[in-house]
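Asker: Let me give you the structure first, and then I'll get to my questions.
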Amino acid sequence: MNETMKNTLLFGIVALLIMSVGFQQSWNSALLIVAMGLISSIMALGVNLQWGFAGLFNVGIMGFVALGGLAAVLIGVPPTEGAFQAGGLGVVSALLLGAGTVLLVIQIMKRMQPGWQRNILVIVVLVAGFFLFRALLDPSVERIEEINPAQTGFLGGLGLPVLLAWPVGGLFAAAAAWVIGKTALGLRSDYLAIATLGIAEIIIAVLKNEDWLTRGVKNVIGVPRPVPYEIDLQNNPAFVERAASLGFDPVEGSTLWVKICYIALFAAVLLVLMWMAQRALHSPWGRMLRAIRDNEVAAEAMGKDVTARHLQVFVLGSAICGIAGAMMTTMDSQLTPGSYQPLRFTFLVWVMVIVGGSGNNLGSVLGGFLIWFLWVQVEPMGLWLMNVITAGMADGSALKAHLIESAAHMRLLTMGMVLLLVLRFSPRGLIPEK
Amino acid sequence: MDFLNAIVALANYVLIPGIAYGSQLALGALGVTLVYGILRFSNFAHGDTMALGAMATVLMTWLFQSWGLSLGPLPTALLALPFGILFAIGLLLFTDRTVYKFYRVKKAKPVILVIVSLGITFIYNGVTRFIIGADDQNFFDGERFIISAREFKTATGLDEGLSFKTTQGITIITAIIVVALLFWFLNRTRAGKSMRAYSDNEDLALLSGINPERVVMITWMIVATLATIAGVLYGLDKSFKPFTYFQLLLPIFASAIVGGLGNPIGAIAGGFVIAFSEVTITYAWKKILVYLMPESLEPNGLVQLLSTDYKFAVSFVILLIVLLFKPTGLFKGQSV
Amino acid sequence: MSDPYGDRGNKDISITNPKGMGSEIPTRGDTSFPSPGGPFLIGDGMTAGYGNGPDILHDCTIAVDKGEIAVIVGPNGAGKSTGMKAVFGMLDMRKGHVRLDGEDITDLSPQARVAKGMGFVPQTSNIFTSMTVEENLEMGAFIRTDDFSDTMAQVYDLFPILKDKRYQAAGELSGGQRQQVAVGRALMTKPKVLMLDEPTAGVSPIVMDELFDRIIEVARTGIPILMVEQNARQALEIADKGYVLVQGANAYTGTGKELLADPEVRKSFLGG
């Protein structure tokens, strides 16, 4: 069996799996799996760029995805009336001051001789900067959060078309990645893993706690959409007629149509990114990356700047995750900082990359779809399995109740098993790198 | 000015909780650092190993409680702890045999083992939730306080109370015993020295006739013991909830790295550095400052540097600062 | 196609620990069988290389007999260290045999060879740097179940400086002292034959002379010594038997004196 046939077959199997959801459960669920599968594929594509082509270990995917989500809020949501006048200037100047403090510290570190004087000065500047920052920030934040806290209580966004948020989300993630990479991608060895792990937690902590920015755990709901609203479609006689002619009632037809619109948008983004990733890999830049990956010493000896290449690829990969994050928040129409969990947003993406095939873009896309399908469908499958297992047990037995209740936790177990089985029996993944 | 009350408040809100939390982190970081030193990768499943060990202990505790067994003023969990440790040892040895060993034989690079440990994380996490659920579980019994705030106030006549929880006392004492035993083992016994030799120079250890499989086995047994004890102490002191153990991964890694990965003394020092930074930076200092400052200067706010939700950020910033000034951590790494 | 168990160039020290990691020593069985006759230790007609790589040794023979010092010399990249490692079972033997004391040990792992009485001092990373001198010696005696305190006393007699520094970390010692620790560690098993891979690499001439004296002293106790040396002239002066290797094959063989006198050898390898 040649390679194209094998790959087509693999994608065909995943398509069949998703279609079976459409036939057995609902087409709405099936389309949702496709939409989220597309987003997952994009995330996997970004991580594959970092791991597959440069061997960089990013465990902060969650943070970059969340930054994308933040972009959707800041770009798409209309500004809160009076919030900027109340405290916007204070917040902006506090942030500028914070950035200034950091820049000042960097300058001191660069210009002064190492020694206790420098250390003391750095500490003094940091402490003074921190207190000034808080003194400027806190009152402004209080004023912003006072504005109609039940509905808004935050600055809001710019009220621009939300599609703009996708590239901006990428930019946010890229900026964060640049800062992380600059510090953690280092000299002879680096400490990127712990740095990304930490930054991701910090980003989530900021989103959860800075109510003026994201309403914190109160969530931002009603992020504007780039596609029509179901209710508008249902009130549109032309649409209702067309849906009826295809045999759908207006409610079902409208939800499906909205999903299809999203899928079209996401697919377009995936195709563009995929095309760019493939082009990049077969360019001199991509060949150099692989040369560095496979023999860094030789590449360095040939005068290749390894750290700079690593930084580039890390920033690019993270930006792709940011774009995916913005897309996801756009589709959800809401930003819920409490829902960002490392297992779901970091480690699951790793499973996608490894299962799909490290170093193969097509593999990442396959992994994205397959693993997302499993993530969603293992729960009903587990429930079914538990029902079969417990069928013989007496009703009301504690064990039976426990087993059925625990079916919900099957998905973590399954993801772990899938990852370990692939690593063991097909360590190059389903579509291996060429 | 009222120094005595200020000191009592400091001890009550900062020192005692900091020492207890620091001990828990140190025990966790010791496990991470041992795996890093011997097996040469960072074990992402360590938090969930703690959760599973603690879970086994919780289940045994419930069983003992249902039998009416108890240790009087001490929590029954201490009686169940050895069983939890045995369970964790069995689990880790089983995992090593079925999963990790394959990659050792293949001479896989450590980063592959890191990815493997991600898979193990999923499985352990799933198993814990499958068996005990995702919710908070209470398994503490016995006397709540060694010193309660009220007793302290009546005994000393001070305004500020000092409470010393049983769980905090047990945490500190257990941590001291465990650490002393571990260092005795590593520095005084043949098996312990062979572990250090293997960590220092694998090839030469091989040429000296040290059996790597045995070293790895002993390491997993020690790691299981440390993880279970850390998990149970944390669970007794705070509460047992599977997800919190996963979240402990960041402060534990931070502790191990701040101290210098691979160095047990560093892991302990790192645990306390991280714990005290978290506690002091997220504590509202007003309570202490009111005793120290003249009334006119009393602070209006809480004098809290950062909200407690930022405690992970604190561990991380401390880590960054240490790495910027001392890239190898406070103690040079590598001497398990 | 990249190695599925490789690290893709990752060198993240926050998750992986490159220090002290083992090299790829091939796995072997533990069967040896009698093969009487011949020298005490011989690598006979060895053709060998690393992993799937090309042959580095070509039909190379190295031997040492009781009471002898045998020295392997040759230009850089001649396969001197490789020959030594092949005798010790650290690379893939494609042809040839290794025999020790009337036993064919070709299929034994390096650890098993240690148990059979071979002592080996690698050229680099030959001590446990984070452990004390005494602990290094203890680790050398790891396979012994009897009381090894007299062996340790003998090592301290041979290298008195080590006794003074017994509680210091071996990594803190000077180059010459570290080599003494390395040799002492190998002597702790009471080996029947001692193999030294460039014991004087990177030490000053004075220390080198002292090390050679010590090595002669070890040889006088009856332990045959097989050694690779960069300082060919000095090494051949103390050698009973010399091997000159060129490109992984025997070029010249003879007693130390013969080789020193051989005009070809002098011209090519001893600088005139």
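Asker: Hey, with R₀ at 51 Å, roughly what FRET efficiency would A:Val297 and A:Gln85 work out to, going by the Cβ-Cβ distance, to 0.05?
Answerer: About 0.30, to the nearest 0.05.
Asker: Additional query: Expressed as cubic angstrom per residue, what is the convex hull volume of the alpha carbon set of chain A?
Answerer: Expressed per residue, the convex hull around the Cα atoms of chain A is 206 Å³.
Asker: Shifting gears a bit: Within chain A, which whole H helices from DSSP have a Cα span along their axis of at least 20 Å and a mean Kyte-Doolittle hydropathy of 1.6 or more, if any?
Answerer: Membrane-span-like by this rule: A:61-76, A:89-111, A:192-209, A:410-425.
Asker: Under a GNM of chain B (C-alpha, springs under 10 Å), which listed residue has the highest mean-square fluctuation: B:Lys153, B:Lys311, B:Lys238?
Answerer: Residue with maximal mean-square fluctuation among B:Lys153, B:Lys311, B:Lys238: B:Lys153.
Asker: Okay, moving on. Label points 7 Å out from Cα along the Cβ direction at B:Asp136 and C:Asp59: separation in nm?
Answerer: With each label placed 7 Å out from Cα toward Cβ, I get 8.1 nm.
Asker: Let me ask you something else. How large is Rg over Rh for the range C:134-249, taking Rg from the Cα atoms and Rh as the Kirkwood inverse mean of 1/r across Cα pairs?
Answerer: Working: Rg = 14.6 Å, Rh = 15.0 Å.
Value, to two decimals: 0.97.
Asker: Got the relative contact order for the range A:1-140 handy, in percent, Cα pairs under 8 Å and 6 or more residues apart?
Answerer: On the way: 53 pairs, mean separation 25.3, N = 140.
For the range A:1-140, the relative contact order is 18 percent.
Asker: Could you check the spin-label model distance between A:Asp249 and C:Asp157? Points 7 Å from the Cα along Cα→Cβ, value in nm.
Answerer: So the label points at A:Asp249 and C:Asp157 sit 10.1 nm apart.
Asker: Within the range B:3-325, count lysine pairs with alpha carbon atoms under 22 angstrom apart where the residues are 8 or more positions apart or belong to different chains.
Answerer: Lysine pairs meeting the criterion: 11.
Asker: Relative to the compact globular guide of 2.2 N^0.38 Å, what is the alpha carbon radius of gyration of the range B:1-110, as a ratio?
Answerer: 1.49
Asker: Another question, then. Can you give the angle from 0 to 90° between the axis of helix B:212-237 and the longest principal axis of chain B, with both taken from C-alpha atoms, to the nearest 10?
Answerer: The angle comes out at about 20 degrees.
Asker: Carbon and sulfur together cover what percent of the accessible area of the range B:3-325 at a 1.4 Å probe radius?
Answerer: On the way: 7700 of 11550 Å².
That fraction is 67 percent.
Asker: Efficiency by 1/(1 + (r/R0)^6): what FRET value for C:His97 and B:Gln247, r their Cβ-Cβ distance, R0 = 56 Å, to the nearest 0.05?
Answerer: In this case the efficiency is close to 0.40.
Asker: About its Cα centre, how strong a charge dipole does the range B:3-325 have in debye, to the nearest 20, once Lys and Arg get +1 and Asp and Glu get -1 at the Cβ?
Answerer: Here the size comes out at about 1020 debye.
Asker: Can you send over the carbon and sulfur percentage of the accessible area for the range A:85-139, probe radius 1.4 Å, protein chains only?
Answerer: Carbon plus sulfur share of accessible area: 77 percent.
Asker: Over chain B, consider all pairs of different Cα atoms and compute the Kirkwood hydrodynamic radius from their mean reciprocal separation; express it in Å, one decimal.
Answerer: The answer is 21.0 Å.
Asker: Next question, about the same structure. On the protein heavy atoms, probe 1.4 angstrom, tell me the percent of accessible surface of the range A:254-381 carried by carbon and sulfur.
Answerer: 68 percent
Asker: Let me ask something else. Taking only protein heavy atoms and a 1.4 Å probe, what accessible area per residue, in Å², does the range A:85-139 have with all protein chains in place?
Answerer: 66 Å²
Asker: Between A:Ala99 and C:Arg220, take the C-beta separation as r, use R0 = 45 Å, and let me know the FRET efficiency to the nearest 0.05. Present the calculation step by step, with values, prior to reporting the outcome.
Answerer: On the way: r = 74 Å, r/R0 = 1.64.
Efficiency, from the Cβ-Cβ distance: 0.05.
Asker: Can you work out the accessible area per residue across chain B, with the rest of the protein chains kept in place, probe 1.4 Å, in square angstrom?
Answerer: That works out to 37 Å² for each residue.
Asker: Moving to a separate point now. Name the residue from A:Val315, A:Thr255, A:Trp212 whose Cα lies farthest towards the positive end of the charge dipole of the range A:208-335, charges +1 on Cβ of Lys and Arg and -1 on Cβ of Asp and Glu.
Answerer: A:Val315
Asker: Also, I was wondering about something else. Using only Cα atoms, find the angle between the long axis of helix B:110-132 and the longest principal axis of chain B, and express it within 0 to 90 degrees, rounded to the nearest 10.
Answerer: Orientation of helix B:110-132: about 60 degrees from the principal axis.
Asker: Name the residue, out of B:Ser277, B:Ser315, B:Ser255, whose mean-square fluctuation peaks in a Gaussian network model built on chain B with Cα pairs under 10 Å.
Answerer: Taking springs between Cα atoms under 10 Å, the residue moving most is B:Ser277.
Asker: Using a 1.4 Å probe and counting only protein heavy atoms, how much accessible surface gets buried when B and C come together, both sides summed, in Å² to the nearest 100?
Answerer: Numbers: alone 16070 and 13930 Å², together 26490 Å².
Approximately 3500 Å² gets buried when B meets C.
Asker: With every atom except the alpha carbons ignored, what do you get for Rg and Dmax of the range A:1-150, in angstroms?
Answerer: Here Rg and the maximum Cα pair distance are 25.1, 72 Å.
Asker: Quick one: what do you get for chain C if you divide its Cα Rg by 2.2 N^0.38 Å?
Answerer: With N residues counted in chain C, Rg over 2.2 N^0.38 Å equals 1.02.
Asker: Using only helices, what value at 222 nm comes out for chain B when you add -39,500 (n - 2.57) per DSSP H run of length 4 or more and divide by the total residues, to the nearest 500 deg cm²/dmol?
Answerer: One gets -22500 deg cm²/dmol as the mean residue ellipticity at 222 nm.
Asker: Counting residues in the range A:330-434 as N, plug N into 2.2 N^0.38 Å and put the Cα Rg over that result.
Answerer: For the range A:330-434, the normalised Cα radius of gyration comes out at 1.31.
Asker: Please report the projected area of the range A:85-139's Cα convex hull averaged over all directions, in nm². The partial results should precede the final answer.
Answerer: Numbers: hull surface 13.5 nm².
Result: a mean projected hull area of 3.4 nm².
Asker: Taking 37 °C and 0.692 mPa s as the conditions, I'd like the Stokes-Einstein D for the range A:168-316 in µm²/s, using the Kirkwood hydrodynamic radius from alpha carbon pairs.
Answerer: Working: Rh = 19.8 Å.
Translational D for this selection: 166 µm²/s.
Asker: Here's another thing I want to ask about it. Would you give the gap between the C-alpha center of the range B:237-259 and the C-alpha center of the range A:301-335, rounded to a whole Å?
Answerer: Cα centroid to Cα centroid, the span is 28 Å.
Asker: Counting only helical runs of four or more DSSP H residues, what would the 222 nm mean residue ellipticity of chain A come to if each run contributes -39,500 (n - 2.57) and the total is spread over all its residues?
Answerer: Mean residue ellipticity at 222 nm (helix-derived): -24500 deg cm²/dmol.
Asker: Using only the Cα atoms of the protein assembly as shown, what are the Rg and Dmax in Å?
Answerer: Answer for the protein assembly as shown, Rg first and Dmax second: 33.0, 109 Å.
Asker: In the full protein assembly as shown, how much of B:Leu186 is accessible to a 1.4 Å probe, in Å² to the nearest 10?
Answerer: For B:Leu186, solvent-accessible area is about 0 Å².
Asker: If you take the charge dipole of chain C about its Cα centre, with +1 on Lys and Arg Cβ and -1 on Asp and Glu Cβ, which of C:Asn17, C:Thr31, C:Gly176 is farthest toward its positive end?
Answerer: Value: C:Asn17.
Asker: Beyond 13 Å, what share of the Cα-Cα pairs of the range A:384-434 is found? Please give it as a whole percent. Walk me through the numbers before you get to the answer.
Answerer: Values: 846 of 1275 pairs.
I get 66 percent for the Cα pairs in the range A:384-434 exceeding 13 Å.
Asker: For the pair B:Lys101/C:Tyr5, report the inter-label distance in nm, with labels modelled 7 Å from Cα in the Cβ direction.
Answerer: Once both label points are built, they end up 1.5 nm from each other.
Asker: Counting pairs of alpha carbon atoms under 8 Å apart in space and at least six apart in sequence, what relative contact order in percent does chain B give?
Answerer: Over chain B, the number comes to 33 percent.
Asker: Compare each residue of the range B:201-226 in its chain alone against the assembly with all protein chains, and report those whose accessible area goes down by 10 Å² or more; 1.4 Å probe, heavy atoms.
Answerer: Listed by number, the residues meeting the 10 Å² cut-off are B:Asn201, B:Glu202, B:Asp203, B:Leu204, B:Leu206, B:Leu207, B:Ser208, B:Gly209, B:Ile210.
Asker: If you don't mind, there's one more thing I want to ask. Would you mind checking the tilt of helix B:264-282 against the longest principal axis of the Cα atoms of chain B, expressed as 0 to 90 degrees and rounded to 10?
Answerer: Once rounded, the angle reads 30 degrees.
Asker: Using a Debye calculation, one point per C-alpha and no hydration shell, please list log10 I(q)/I(0) for the range C:5-97 at q = 0.11, 0.23, 0.25 Å⁻¹ in order.
Answerer: -0.45, -1.24, -1.35
Asker: Right, here's the next one. Please give the length that would be gained between A:Arg287 and A:Trp27 if that part of the chain were fully extended, namely 0.36 nm times their separation in residues minus their C-alpha to C-alpha distance (nm, one decimal). If you can, show how the numbers build up before the last one.
Answerer: Details: separation 260, 0.36 × 260 = 93.60 nm, distance 4.25 nm.
Contour length minus the Cα-Cα distance gives 89.4 nm.
Asker: In Å², rounded to the nearest 100, what is the total accessible surface buried by chains A and B against each other with a 1.4 Å probe?
Answerer: On the way: alone 21940 and 16070 Å², together 34150 Å².
Chains A and B together bury approximately 3900 Å².
Asker: Taking only C-alpha pairs under 8 Å that are 6+ residues apart, what is the relative contact order of chain C in percent?
Answerer: Computed over chain C, the figure is 24 percent.
The values are calculated or read from the model by the stated rules, or taken from the named source; none is laboratory data. Just so you know, these numbers come straight off a predicted model, no measurement behind them. Every residue, glycine as well, gets a Cβ built from its backbone with ideal geometry; the counts of neighbours run over all protein chains shown. Ligands, DNA and RNA are excluded from the accessible area calculation, which covers all protein heavy atoms including side chains. Shrake-Rupley method; radii C 1.70, N 1.55, O 1.52, S 1.80 Å.
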